[in-house]
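Inspection log for the structure reproduced underneath, given as structure tokens.
The values are calculated or read from the model by the stated rules, or taken from the named source; none is laboratory data. As the structure is a computational prediction, the values presented were derived from the model and not from experiment. Backbone-built Cβ (ideal geometry, glycine too); neighbour counts: all protein chains shown.
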Amino acid sequence: MNMKTILRQAVLAAVVSAGLIVTAGSAAAHHGFAVFDMTSRKTITGTVKTFEWTNPHTWVWLDVPNGKGGVDTWGFEGMSPNFLGRRGWTRNSLKPGDQITVTYFALKDGSKGGAFLSAKRPNGEELVMFGGSPAEDR
């Protein structure tokens, strides 16, 4: 099993577990964010490996230099294609090889990934998942 599959399964299991816990207390809850540290934003720069335009959530897989001469693959869960489409995103908004800096809420367990908030391209263009605009997300 490769690292991408292991990370996806770990994140998915954590999100599903958190969702079950949250929905046990509130039947109206759709998705829990308990697995993410929502108290601080982090950034990381890397190369897009894959952008998965899938329901119920999109995924951005980013290859990040690890300081040991190699790269680590980080996984970032994003909003649904429907939500992102209404904000101007398409399945081609991020392509393999794109260099981006991702702003995210980290996973509480320290795994390599988190909840995707925005991406900045080297030219300064910002792609935002949450909020009305990049400025409103700050």
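Picking from residues in segment 87-114 that are surrounded by 14 or more Cβ atoms within 10 Å (Cβ to Cβ) and of a type in the set (Val, Ile, Thr), the one that is farthest from ALA34 (Cα to Cα) is ILE100.
Looking across segment 21-76 at every residue that is basic (Lys, Arg) and within 16 Å of SER118 (Cα to Cα), the one that is modelled with the highest pLDDT is identified as LYS42. Of the residues in segment 60-68, at least one is aliphatic (A, V, I, L, M) and surrounded by fewer than 18 Cβ atoms within 10 Å (Cβ to Cβ).
Of everything listed in (1) in a strand (DSSP E or B); (2) at pLDDT 95 or above; (3) farther than 14 Å from ALA119 by Cα, the single unmet condition for ARG91 is (1). Exactly one residue out of LEU84, LEU117 is surrounded by 17 or more Cβ atoms within 10 Å (Cβ to Cβ) and assigned to a strand (DSSP E or B): that is LEU117.
Looking at segment 7-16, is at least one residue at pLDDT 90 or above and either over 17 Å from GLY113 (Cα atoms) or basic (Lys, Arg) (or both)? For segment 7-16, residues at pLDDT 90 or above and either over 17 Å from GLY113 (Cα atoms) or basic (Lys, Arg) (or both): absent.
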